[in-house]
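Here the structure is laid out as structure tokens; the discussion comes afterwards.
The values are calculated or read from the model by the stated rules, or taken from the named source; none is laboratory data. Because the structure is predicted, anything quoted here is derived from the model rather than measured. When we count neighbours, we look across all protein chains shown, and the Cβ atoms used for this are built from the backbone with ideal geometry, even at glycine. Ligands, DNA and RNA are stripped out before the accessible areas are found, and what is left, the full protein with its side chains, is counted by its heavy atoms. Shrake-Rupley method; radii C 1.70, N 1.55, O 1.52, S 1.80 Å.
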Amino acid sequence: MADTDNSGRPEPGSGPSANGRPKRPRESGGGILMGRPFGVPVYVAPSWFVVAALITWVFGGQLERVLPELGGARYLVSLFFAVAFYASVLVHELAHTVAALRFKLPVRRIQLQFFGGVSEIEKETESPGREFVLAFVGPLFSLVLSGLFYLALFAVESGTVPAVLLAGLMVSNLIVAAFNLLPGLPLDGGRMLRAVIWKLSGRAMTGTVAAAWTGRALAVAVLVGMPLLSYAGGYTEEGFGSSDSLIDALLAAILAAIIWTGAGNSLRMARLRERLPELSARALARRAVPVTSDTPLSEGLRRANVAGARALVVVDGQGDPIAIVRESAIAGVPGHRRPWVAVSTLAQDITEGMRVWAELAGEELLDHLRATPASEYLVVEGNGDVYGVLSAGDVERAFVAAMAKPTAP
């Protein structure tokens, strides 16, 4: 299975962490770095080696019937086929990647894994037309590769190793294209269906819901249909009890689980993206009061209570903010010691990345927080005036609340 993945930002596990600090996005995420075509890292996941071994074994069995004279060398030929097949999958994913880069959408990485590959595109497309093109180019290139392998067959002698390899690559790429064109998320065909419904309805969420539920129906069809097809093909021989039928049933279950999970993730991330604009620095910022560095903590808290504020900002002699008093540090000071503790001892110096524009919201806000992890941030207006203090813990709670809110199709 090969597809694109737009859940890369924000992604499961990429929001604020349990301790209130935004997590950094995962870069390698498991796998061996193979290269950086177009500046995008390509990783091979450990699961690929399992699939490569399975392909080598299955294709080797086919070669034993077609070219029995190969003997044990058939497994070397089969291994070459497995590598060549995944090279074709890489071409499929590179097509998505190049299209995304042309649309100025950042691509975090490409990963080759169990049942294919995935291009992790970090942002959603801005229009249904671009969404359709971005999804379609992958299967299109798989079809082109299938056609090229078919034409190459005319240049080799039938019944030879090159002919068998070319035929196998032609068929496998055709299957990859056909499977990915099935109209259900997370497959490319599901994204194409989403784009069409988005265009007709005017709402991206409506397209996502329809394509995700179609994907779930597709998962059920795969779970039931693949074993039935296997049984029908071997009915006159061993039926459901054969090892081939059991393997087909296991593969069907794994593939159905991947499709079902991917469809669910697409729904969840689409719901989150609809709610992300509610994550606004201005709306989430706490009102703050300025204090000098030698102000006792008890006095600073008194001033905050009087002003109805919930944060303290340390300023210099000219009134410019230089540090933020950490909420966690305040909580760690017992009440009887607060008159003797200066706020400067509990403050974190403000770096450039800790200044957040009040108008930042949604993915842009989360991107900024990921780039500079901290417990608190200084929220400033466009002219540099202090608006308040943004707590990473408040962002985390708003993030979780956005995830939990129901969204109508």
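Only one of Pro106, Pro162, Pro186 is surrounded by fewer than 18 Cβ atoms within 10 Å (Cβ to Cβ), modelled with pLDDT under 95 and under 17 Å from the mean Cα position of the chain (by Cα). Can you tell me which?
Pro106
Yes/no per residue for (1) in a strand (DSSP E or B); (2) in contact with a helix residue (DSSP H, G or I) (Cβ under 7 Å, 6 or more places away or on another chain); (3) under 15 Å from Leu169 (Cβ atoms):
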position	(1), (2), (3)
Gln111	yes, no, no
Arg130	no, no, no
Val137	no, yes, no
Leu145	no, yes, yes
Leu148	no, no, yes
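The combined condition, being within 26 Å of the chain's Cα centre (by Cα) and either open to solvent by 60 Å² or more (accessible area, probe 1.4 Å) or among the small types (Gly, Ala, Ser) (or both), is not fulfilled by Gly168.
Six or more apart or on different chains, Cβ atoms under 6 Å: show the pairs whose first residue is in segment 250-273 and under 19 Å from Gly189 (Cβ atoms) and open to solvent by 40 Å² or more (accessible area, probe 1.4 Å) and whose second is among the hydrophobic types (A, V, I, L, M, F, W, C) and assigned to a helix (DSSP H, G or I). Listed pairs, sorted by first residue: Trp260/Ala219.
Each residue in segment 36-50 was checked for being without any contact (Cβ under 8 Å) to a residue 24 or more places away in the chain and within 11 Å of Gln111 (Cα to Cα), and 1 pass.
What do you reckon, is Gly72 surrounded by fewer than 13 Cβ atoms within 10 Å (Cβ to Cβ), assigned to a helix (DSSP H, G or I) and either among the small types (Gly, Ala, Ser) or modelled with pLDDT of 85 or more (or both)? Criteria met by Gly72.
Among the residues making up segment 86-118, those that are touching a Gly at 6+ places or on another chain (Cβ under 8 Å) and not aliphatic (A, V, I, L, M) are Tyr86, His92, Glu93, His96, Arg108, Arg109, Gln111, Gln113.
Here Ala167 meets each of (1) touching a Ser or Thr at 6+ places or on another chain (Cβ under 7 Å); (2) in a helix (DSSP H, G or I) with one exception, condition (1).
The lone criterion from (1) modelled with pLDDT of 85 or more; (2) exposed (fewer than 14 other Cβ atoms within 10 Å of the Cβ); (3) farther than 26 Å from Ala95 by Cβ left unmet by Pro46 is number (3).
Within segment 345-387, the set of residues being open to solvent by 60 Å² or more (accessible area, probe 1.4 Å) and touching a residue at least 60 places away in the same chain (Cβ under 8 Å) comprises Trp357, Glu359, Val386, Tyr387. Among residues of segment 124-141 that are farther than 14 Å from Asn180 by Cβ, those with a beta-carbon under 6 Å from a residue that is open to solvent by 70 Å² or more (accessible area, probe 1.4 Å) at least six positions away or on a different chain give the pairs Pro128/Lys199.
Does any residue of segment 338-353 turn out to be part of a loop (DSSP other than H, G, I, E, B) and either among the charged types (D, E, K, R) or under 30 Å from Ala204 (Cα atoms) (or both)? Quick ask: steps written out before the conclusion?
At the first step, the residues of segment 338-353 found to be part of a loop (DSSP other than H, G, I, E, B) are 341, 350-351.
After this cut, where a residue has to be either among the charged types (D, E, K, R) or under 30 Å from Ala204 (Cα atoms) (or both) as well, the list is none.
No, because not a single residue in segment 338-353 is part of a loop (DSSP other than H, G, I, E, B) and either among the charged types (D, E, K, R) or under 30 Å from Ala204 (Cα atoms) (or both).
Being surrounded by fewer than 18 Cβ atoms within 10 Å (Cβ to Cβ), acidic (Asp, Glu), in a loop (DSSP other than H, G, I, E, B) and at pLDDT below 85 is true for just one of Glu64, Glu11, Glu27. Which residue is that?
On inspection, the qualifying residue turns out to be Glu27.
Just one of the numbered conditions (1) at pLDDT below 90; (2) under 30 Å from Val144 (Cβ atoms); (3) exposed (fewer than 14 other Cβ atoms within 10 Å of the Cβ) is not true of Met226: (3). Of everything in segment 280-321 that's β-branched (Val, Ile, Thr) and out of contact with any helix residue (DSSP H, G or I) (no Cβ under 9 Å at 6 or more places or on another chain), which residue is nearest to Gly362 (Cα to Cα)? Taking the candidates together, the pick is Val313. A Cβ distance below 8 Å, combined with a sequence gap of six or more or placement on separate chains, defines the contacts here; from segment 174-201, residues that are within 14 Å of Ala221 (Cβ to Cβ) reach residues that are open to solvent by 20 Å² or more (accessible area, probe 1.4 Å) and assigned to a loop (DSSP other than H, G, I, E, B) in the pairs Phe179/Met1; Leu187/Met1; Leu187/Leu181; Gly189/Leu181; Gly189/Leu182; Gly189/Pro183; Gly190/Leu182; Gly190/Pro183.
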